[in-house]
Amino acid sequence: MERLTLVTQSVVIACLIFYAVSKIIVNLAKRRSFGNRCSRFEGPPRLPIIGNAYLFIGSAEAIMNKFLELDKLYPRYYQLSLGTRSIFVTSVPEQLKVIFNSAKTIDRGGLLDFARPWLGSGILLAKAAKWQVHRKLIQPTFSPMILKSFIEVFSRQSAMMVRQMERHVNGDEFEVQKYLSPYTLNMICGTTMGVKLEAQTDENCQYAEAVEKTTSSICTRALRPWLHSSFIFYRTQLGKEQQKEIQIMHDFVENVIRTKKELLQNRLCQPELNTNEYDEPKIGGEVFLDHLLNLPRDKKTLTDDEIRDEVHSIVLPASDAPAITVSFVMLMLASHPDLQDKVYEELREIYGDDDNEDQLVTPDDLSRMNYLDQVIKETMRLFPGSPFLIREVTDDLDIGDRVLPKGSSVAPNILRLHRSEEYWSDPFKFDPDRFLPENITEQYPHSYLPFGAGPRSCLGKPNSDVEDDLELLHGLSLRIEVDRIEVCHDDDENVRGDDSSTICFDERSSCTCRTYPTENGNGAETSGTDHIEN
Ligand code: HEM
């Protein structure tokens, strides 16, 4: 009997060992064949283990410049590897069309997974099945009617931002991003949560700071394969700080959800509770959070954690990309005084000589700002708010002349697409007339994608147009002339204004303004309009 038990045990152990060894062999074979399939794509040379990570060491500007160099070496597409992750970077419209519309590349993940401790499985990072349900639930919040009701919030917020900036009129140059980021964050907190964040007035606003620091630490981690392992990352100073910042954001949003829930329950009997703390749209519109809390019972009810994830997942894209876009619009207007004057004239036609900065903007006013709209579109062509996107390939995907293997990532290279001479004549010329209605029809299909495309494209697209217009309107209605300009740039054709871009405001007295040469960090002299032509 004892012998029989021993034999049985040996057989079981042998089977387990056999199973473990064959699993290792199969995994190695899979990795090898995955590696082989990926290595067929051209790209910069890779080092063992870290792959191409050696290319992306240094400041954000240095990393951006590296990407621009790669665009020159590989103008259509290339393959990168970061540790075990393989990324196909492409700017070919035909390939992008397939990628954006395929069910096999709906998922975001890969490097973006490092944002999961913050965004959870909200709409930005949700896997396909969950994403489909949540997008259907959330989409109605972004209907044109509800968005119109937000205009008053946007309008008040932009007036506040302009008042803050006003102190710089006729003064020294200043970092415009310092005002824009808190403004967009404030505005989006007003329209998503109905909360007055005070990010514009309180420089130490913890939530705003936490958003900024966490975004930056996620990017740092993504480009450093040795920080990919959670075991290592959370033992570093960066990892520990990130955990702290994420906790601050979670506490903030959870607190708002709790208060909102109480408010919604008590609203009928205590309407006076709905007062100063909240910055709600006036025209009977719900804020995003109300919509999620009020979902009819027959629809899926979201848990508090899911609601928190959704709020985070809206606040991030809705504050980041618009702030970047508006700062580049200002930069372009500063660099092109003639176009600035055209925008100014358009606004004068709408508002006359009335210089009332407290005047609220109406949807009708916005619909008449055609030239401003063209300027914004052309700015988003040259400086897309999201220069690269990223999607996961969940099954082998044929994109025409090649197959992207399951398990890899694909990064639509929007920056390169928008600046490619293959699809845009004289691509570095800043020319808003490209977006005249008669010229739009001539554009190469899928060559202009600032909001992505397909079923998972930007949810806030109409929102962002409205927001950009309003912000600029208020800036310009102040009769500010953007006079001097200092931009970061690389040393050839690409003006690269970044977070540290500074501009100057002068009171508008004549129709002239100038850009002047400035020294960049490397000592080279250039003007802000270096190769982005007038
Ligand atoms: C200038 C302004 C904006 C730009 C350039 C922009 C751009 C983008 C891009 C490129 C994507 C990724 C699309 C893709 O992967 O195909 C995206 C996603 C998204 N954006 Fe925007 N965005 C802007 C403003 C906004 C605003 C104001 C909101 C919300 C109010 C918003 C909400 C979202 C959401 C929720 C997603 C994820 C959609 C999904 O996964 O289903 N965005 N945005």
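The table for this structure:
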{"read-out": "5 angstrom amide H check on residue 82, placed H, neighbours 5+ away", "value": "52, 87"}
{"read-out": "Cα-based radius of gyration of the range 345-419 once divided by 2.2 N^0.38 Å, which approximates compact folds", "value": "1.85"}
{"read-out": "Spin-label model distance (nm) - residue 338 vs residue 254, 7 Å beyond Cα toward Cβ", "value": "5.8"}
{"read-out": "Violating pairs (Cα-Cα greater than 22 angstrom) within the set 104/136; 97/377; 178/260; 213/244", "value": "178/260"}
{"read-out": "J(HN,Hα) series, the range 308-316, from Karplus relation 6.51 cos²θ - 1.76 cosθ + 1.60, nearest Hz, glycine and proline x", "value": "4, 4, 5, 4, 4, 6, 8, 4, 4"}
{"read-out": "Approximate shape of the range 367-411 as ellipsoid semi-axes (Cα gyration tensor, √5λ), whole Å, largest first", "value": "36, 11, 9"}
{"read-out": "Per-peptide average of other Cβ atoms within 10 Å, ordering 323-335, 70-82, 125-137 highest first", "value": "323-335, 70-82, 125-137"}
{"read-out": "Derived scalar couplings ³J(HN,Hα) [the range 171-177; Karplus, 6.51 cos²θ - 1.76 cosθ + 1.60; whole Hz; x for Gly, Pro]", "value": "x, 6, 5, 8, 7, 5, 4"}
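Every read-out reported here was derived from the displayed coordinates using simple, explicitly stated rules and does not represent laboratory data. All values reported here derive from a predicted model rather than from experimental measurement. Virtual Cβ from ideal backbone geometry, glycine too; neighbours counted across all protein chains shown.
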